[in-house]
Amino acid sequence: MADTTQMLKGILDGCLLSIIKEGEIYGYELAAKLESYGFHSFSEGTIYPLLLRMQKEGLVSTTLRKSTAGPKRKYYSLTEKGEQELEQFVIRWTQLSSSVNNVLNKGCFRND
C-alpha cells in the first residue's frame with residue numbers, strides 16, 4: 001500500500017479538484033467520494049493538509065456552514081484559479097498516462 005500511496009501523491013490534488021468541481025463539498029464527503037472511486041488508502045487526515053495548501057494557493061475557497069450533526073462544517077468550492085489548475089492537470093495526466101501505457105504495452109503505439 002505504501003508504494004501505491006507514493007504513486008498517488010502527485011495525482012491526489014487533481015482528483016480532489018475534480019471532485020470539488022462537481023459542487024461544494026466538505027472534507028468527510030471528499031474522503032467518502034474518493035473511497036467510492038476506489039481510493040481506499042486516504043482518510044480525512046490525509047486530505048485536510050492538501051485542502052489547506054490548496055486554499056492558501058487560491059485553488060479552493062471555503063465557507064463555514066451549520067451542521068445538523070455537531071460543529072460547523074467547512075465547505076470547499078473551486079476558484080477560477082482552481083479550474084485552470086484542474087484543466088492543466090487533465091492535460092498533464094493525459095500525456096503521462098499515454099506515455100506510461102505506451103511503455104507498458106511495449107511501444108505498440110509508437111510513431112515510427
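Tally Lys and Arg at +1 and Asp and Glu at -1 over the other residues with C-beta under 15 Å from the C-beta of Gln88: what net charge comes out?
Its environment carries a net charge of -3.
If the elastic network links every pair of Cα atoms under 10 Å, which of Ile20, Ile91, Ile47 fluctuates the most in the Gaussian network model of the chain?
Ile91
So what is the orientation-averaged projected area of the chain, using the convex hull of its C-alpha atoms, in nm²?
Projected over every direction and averaged, the Cα hull of the chain covers 8.7 nm².
Magnitude of the Cβ-charge dipole of the chain, K/R +1 and D/E -1, about the Cα centre, nearest 20 debye?
Dipole size: approximately 280 debye.
Any idea how far apart Lys56 and Gln84 come out in nm if each label point goes 7 Å out from Cα toward Cβ?
For Lys56 paired with Gln84, the spin-label model returns 2.1 nm.
Mind checking segment 7-72 for chymotrypsin sites (Phe, Trp or Tyr not before Pro) that DSSP puts in a loop (not H, G, I, E or B) and that have at most 12 other Cβ atoms within 10 Å?
Qualifying residues, ordered by number: Tyr37.
Lysine pairs, Cα distance under 19 Å, 8 or more residues apart or cross-chain: how many in the chain?
Lysine pairs meeting both conditions in the chain amount to 10.
Any read-out appearing in this document is the output of simple, stated calculations on the displayed coordinates, not a laboratory observation. Keep in mind that this is a model prediction, so the values were computed, not measured. No Cβ is skipped: glycine too gets one built from the backbone with ideal geometry, and neighbour counts run over all protein chains shown.
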